Amino acid sequence: MSLQSSIERLALQPEAERDPNVRAIFFEFRDQLTQGIVRAAEKVDGRWRVNAWVKQGILLGFRLGVLTEMPAGLSFVDKDTFPARQFTIADRVRVVPGGSSARVGAYVAPSVICMPPMFINVGAYVDEGTMVDSHALVGSCAQVGKRVHLSAAAQVGGVLEPVNAAPVIIEDDVLVGGNCGIFEGTLVRERAVLGAGTILTRSTPLYDLVKGEVYRATADAPLEVPENAVVVPGSRAITKAKGAEWQLSLYTPVIVKYRDQKTDRGIELEEWLR
């Protein structure tokens, strides 16, 4: 029986924790998740595909886990199935002192830089050359590409339930500004730049001033930020509400331009920081 079919069977088994082999199967799954062999989502023929069984495996781990004390500098109490990762020189991950942590079950590629304090949750995939800056969060199952900069206090939302829901996906060479929030399965395409304070969710339309278009999430697809887009926080006016004039505006992200040489010069400091 394959690992996938074993996880799918155990996820539906009412008392899976009574199965004498369940922990061995789960630990094999968790090891492959930590090594990046299995992923919650992956790009196939140019399209992102969600692997629902991976999230089933993570949820199974929480069912199996029991609270245990985990001393790691500061002691904490959590499920024993998802302890904090202990990085070594062999991992080639640069973890700066100051209170950062990542759970076992999160893939953190060689050459990733972790600035304190930051947190990477189980099921996340953080690819090579990415910087996770101070107070940044990479949520459960989020997929972060190569050479991404998650600036200070950036929040990349997680998703475990429903299991078939797409996680947040950030492709290669994206710059996420400080205090940005990317939630509810939003897909940020390659080389996009999110200005500080930009919030992206399924319910918020994205206005493209360059092309004169409005991008929205649908029942079958998440909100998608186009490749090379430069997005900043903006607003849109509310003209009428129930017949009355309201002089109010709602927040909305706005594409003000597409990446050019001036944009590249503005973020070239990234290479020096690495």
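The values are calculated or read from the model by the stated rules, or taken from the named source; none is laboratory data. Just so we're clear, the structure is a prediction, and the values are computed from it rather than from any experiment. Here the Cβ is made from the backbone with ideal geometry for all residues, glycine too, and neighbour counts use every protein chain on show. Quick note on the areas: whole protein, heavy atoms, side chains included, nothing else; ligands and nucleic acids left out. Shrake-Rupley method; radii C 1.70, N 1.55, O 1.52, S 1.80 Å.
Side notes on the structure shown:
- Local net charge near R202, Cβ-Cβ under 9 Å (Lys/Arg +1, Asp/Glu -1): 0
- Rolling a 1.4 angstrom probe over the protein heavy atoms with all chains in place gives the range 14-129 an accessible area of 51 Å² per residue.
- Cut-off 13 Å between beta-carbons: net charge of the residues surrounding A229, Lys and Arg +1, Asp and Glu -1: -3
- Förster radius 25 Å - calculated FRET efficiency between R23 and L67, Cβ distance, rounded to 0.05: 0.95
- FRET efficiency, 1/(1 + (r/R0)^6) with R0 51 Å, evaluated for D91 and V256 via beta carbons: 0.85
- Largest first, the residues W53, W48, W246 sort by 1.4 Å accessible area into W246, W48, W53.
- Percent of Cα pairs exceeding the 17 Å cut-off, where the set is the range 6-59: 39 percent
- Shown here is the pair-distance distribution of the range 115-192: with all Cα-Cα distances grouped in 10 Å bins from zero up to the longest one, the shares run 23, 60, 17, 0 percent.
- Sequence-ordered 3J(HN,Hα) estimates for the range 101-118 from the Karplus curve with 6.51, -1.76 and 1.60 and θ = phi - 60° stand at 7, 9, 7, 4, x, 9, 8, 10, 6, x, 6, 5, 10, 10, 9, x, x, 9 Hz, glycine and proline given as x.
- Computed from the C-beta positions of E128 and N179 and an R0 of 30 Å, the FRET efficiency is 0.75 to the nearest 0.05.
- Averaging Cα coordinates gives a centre for the range 126-180 and one for the range 1-52; these two points are 22 Å apart.
- Fraction of accessible area attributable to carbon and sulfur, the range 37-116 (%, probe 1.4 Å): 55 percent
- Amide hydrogen neighbours beyond the local backbone of G181, cut-off 5 Å, H modeled: Q155, T198, I199, L200
- Start at zero, step by 5 Å, and the Cα-Cα distances of the range 158-264 spread as 3, 12, 21, 24, 17, 11, 7, 4, 1, 0 percent across the bins.
- For the chain: relative contact order, % (alpha-carbon pairs under 8 angstrom, 6 or more apart): 10 percent
- Vicinal HN-Hα couplings computed from phi for the range 120-137 (Karplus, 6.51 cos²θ - 1.76 cosθ + 1.60; Hz; Gly/Pro x): 10, 8, 4, x, 5, 10, 10, 8, 4, x, 7, 10, 9, 7, 4, 6, 8, 10
- One decimal place: the segment E42-E15 gains 6.7 nm when fully extended, by the rule 0.36 nm per residue minus the C-alpha distance.
- The chain - Kirkwood radius from inverse mean 1/r over Cα pairs (Å): 19.8 Å
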